[in-house]
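Participant: Below: one structure in structure tokens.
The values are calculated or read from the model by the stated rules, or taken from the named source; none is laboratory data. Keep in mind it's a predicted model, so treat the numbers as computed, not measured. Don't worry about glycine lacking a Cβ; one is built from the backbone with ideal geometry, like all the others, and counts go over all protein chains shown. Ligands, DNA and RNA are excluded from the accessible area calculation, which covers all protein heavy atoms including side chains. Shrake-Rupley method; radii C 1.70, N 1.55, O 1.52, S 1.80 Å.
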Amino acid sequence: MVIGILTLTIPSSWNHHHRHCLRPTPPLIKCETGGVPLTKQAHRFFSSLTSTAAVDDPATANRLIKKFVASSPKSIALNALSHLLSPRNSHPHLSAIAFPLYTKISEASWYNWNPKLVADLVPLLDIQGKHDESQALISQVVSKLKFKERDLVQFYCNLIESCSKHESKQGFNDAYGYLSELVNNSSSMYVKKQGYKSMVSSLCEMGQPNEAENVVEDMIKNGVKPSLFELRFVLYGYGKMGFFEDMERMVKKMEIEGFGVDTISSNMILSSYGAYNALPKMVPWLQKMKALEIPFSIRTYNCVLNSCPMIMSFIRGSGGFPVSVSELVSVLDEDEALLVKELVESSSVLDEAMEWDDLELKLDLHGMHSGSAYLIMLQWIKEMKSRFRVEECVVPAQITVVCGTGKHSSVRGESPVKTLIKAMMVQMKSPMRIDRKNIGCFIAKGQVVRNWLIQSLD
């Protein structure tokens, strides 16, 4: 497929030269939608665009964009653009300024041409109906990279992946055509592997796992051995659509291709079952993991427990919690109780999260969702009680539970795990308190915690 070279009209460059010196990394504001975090300067820029209704006034928007780019270091200007180009942009009403902002940034003396930014911008233009502009950008990239096949395939891979994440159907179809043609005409195994990889993942992202599996078959016919990456994507593609028979068939196909099921694949399967409330299917899979000695991970806990409505109701409610594993199992329905039993029979996740020596016993809950943190806390308390009852046990000088402060939460500074652990500590009348030096931790003297566990929770 030959792409015609279109002329892209860009406003004349401005003459203001800004001195870009090395500066400390600017503080970031968490994006509530999970997109690119914003610097404070970028946040103020977006606020000014909103307050002046500049989105509907191109002249005002261009003036504010020009002022922002001229007065901002490279990192801050690119941060603002990257946020607007993210599929999870928390300022979708400002997406129309992404193209003029990119245009102005591309004129800056410090700007180094980056085809990845173009790949991220194109689907946004297609969604906005600016097809001529998107085609002109693609044509510019192709013109520059036409003799650099590896760079060109990377651009097409970025383009198709970006289109799939933005759910731009026209952009996706166009990008798929460009990439497919390049892969079919190239003699480079590197180009073929990279192209097939992105085609498979993007088709699954677009909800077309069957077509993705057909691409895998084409790979085999063309002498390209599928990797674990492609097979996992097809497996999860079927799982996310609720096509469990096809997902389970892909497990067998992976084994035929020489790829044993591992923790990552298992978590994809568990997540798929959980998304469709198929809890009875999750128990046999956890048992299979144990039989095959596939270790559980924090994500295994997250996938399973996020799917348990009764457990999540305890965590989100205000009526208190069961404070032991046995008490929890006794109040759950059969499916959830069986899942909890399968999880706690393995101590691998607890062992990984816990450090125990003479100076400190530390439990690190980072990466755990609320349900996982809750169950791990119950396991941890049971483990401490068991060890502290042994006379030879050396009691650590300090005990610490690390919850974090909410930097990675959906709302920055509000940690659901910390809130949960605090409520558990209060209900159990625990001596552990928030550390004044690190508000993301609960601490107490080891001997005090030992006495509390032995006396209060028997």
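Participant: Using square roots of five times the C-alpha gyration tensor eigenvalues, list the equivalent-ellipsoid semi-axes of the range 227-294 in whole Å, biggest first.
Facilitator: On the way: eigenvalues 59, 46, 16 Å².
That gives 17, 15, 9 Å for the three semi-axes.
Participant: Let me ask something else about it. On a 0 to 90° scale, report how tilted helix 370-388 is relative to the longest principal axis of the chain, with both axes built from alpha carbons and the result rounded to the nearest 10.
Facilitator: For 370-388 against the chain, the angle is about 30 degrees.
Participant: Expected output is a single nm value to one decimal: the length gained when fully extending between F244 and S75, i.e. 0.36 nm times separation in residues minus the C-alpha distance. What is it?
Facilitator: This chain segment gains 56.4 nm when fully extended.
Participant: Does anyone have the angle between helix 40-51 and the longest principal axis of the chain? Alpha-carbon axes, 0 to 90°, nearest 10?
Facilitator: Helix 40-51 sits at roughly 60 degrees to that axis.
Participant: Rank by packing, highest mean first: peptides 165-173, 375-383, with packing defined as the count of other Cβ atoms within 10 Å averaged across residues.
Facilitator: 375-383, 165-173
Participant: Here's something else I'd like to know. State, as an integer percentage, the relative contact order of the range 326-458 based on alpha-carbon contacts under 8 Å between residues 6 or more apart. List each step's numbers first, then the result.
Facilitator: Values: 157 pairs, mean separation 30.4, N = 133.
Relative CO of the range 326-458 lands at 23 percent.
Participant: I would also like to ask the following. Averaging sequence separations of C-alpha pairs under 8 Å and six or more residues apart, then dividing by the length of the range 227-294, give the relative contact order as a whole percent.
Facilitator: Contact order relative to length: 29 percent.
Participant: If you average 1/r over every pair of different alpha-carbon atoms in the chain and take one over that average, what Kirkwood value in Å do you get?
Facilitator: Every distinct Cα pair counted, the radius reaches 25.6 Å.
Participant: Using a cut-off of 18 Å between alpha-carbon atoms, which aspartates and glutamates can reach K288, once sequence neighbours fewer than 8 places away in the same chain are excluded?
Facilitator: Partners found: E245, E248, E255, D262, D335, E336, E342, E345.
Participant: Here's a follow-up. In the chain, what percentage of the DSSP-assigned beta bridges are antiparallel, given to the nearest 5?
Facilitator: Numbers: 12 of 17 bridges.
Within the chain, antiparallel bridges account for around 70 percent of the total.
Participant: Taking 0.36 nm per residue of separation and subtracting the Cα-Cα distance, what length does fully extending V329 through S106 add? The partial results should precede the final answer.
Facilitator: Values: separation 223, 0.36 × 223 = 80.28 nm, distance 5.96 nm.
Gain on extension, V329 to S106, equals 74.3 nm.
Participant: Suppose all protein chains stay in the model; what accessible area per residue would a 1.4 Å probe give for the chain, in Å²?
Facilitator: Normalised by residue count, the accessible surface of the chain is 50 Å².
Participant: For the chain, what is the calculated [θ] at 222 nm in deg cm²/dmol (nearest 500), taking -39500 (n - 2.57) for each run of four or more DSSP H residues and dividing by its residue count? Kindly include the intermediate steps, with their values, before the conclusion.
Facilitator: On the way: 22 runs with 273 residues, N = 458.
The helix-only estimate for the chain comes to -18500 deg cm²/dmol at 222 nm.
Participant: Also, I was wondering about something else. Can you find, among S227, P284, P209, the residue sitting farthest towards the positive end of the charge dipole of the range 199-297, where Lys and Arg contribute +1 and Asp and Glu -1 at Cβ?
Facilitator: P284
Participant: 7 Å from Cα along Cα→Cβ at both K169 and S51: what's the point-to-point distance in nm?
Facilitator: Modelled inter-label distance: 4.1 nm.
Participant: Could I ask something else about it? Once you have the Cα-Cα distance between D262 and K148, take 0.36 nm times their residue separation minus that, and quote the gain in nm to one decimal. Don't skip to the end; give the middle numbers.
Facilitator: Working: separation 114, 0.36 × 114 = 41.04 nm, distance 3.68 nm.
Difference between extended and current length: 37.4 nm.
Participant: Going by alpha carbons, how many degrees (0 to 90, nearest 10) lie between the helix axis of 244-256 and the longest principal axis of the chain?
Facilitator: Between the helix axis and the principal axis of the chain, the angle is about 90 degrees.
Participant: State the answer as a single residue: which of T60, L453, G195 lies farthest towards the positive end of the charge dipole of the chain, with beta carbon charges of +1 for Lys and Arg and -1 for Asp and Glu, about the Cα centre.
Facilitator: T60
Participant: Given an 8 Å cut-off on Cα distances and at least 6 residues of separation, report the relative contact order of the range 191-236 as a percent.
Facilitator: Across the range 191-236, relative contact order equals 43 percent.
Participant: Still on this structure, please answer the following. I'd like the distance separating the alpha-carbon centroids of the range 122-181 and the range 244-286, in whole Å.
Facilitator: Using only Cα atoms, the two centres lie 33 Å from each other.
Participant: For A397, enumerate residues with amide H under 5 Å from its amide H, sequence gap 5+ or separate chain, H modeled in the peptide plane.
Facilitator: L359, E360
Participant: Can you send over the carbon and sulfur percentage of the accessible area for the range 227-294, probe radius 1.4 Å, protein chains only?
Facilitator: Ligands and nucleic acids excluded, carbon and sulfur give 59 percent.
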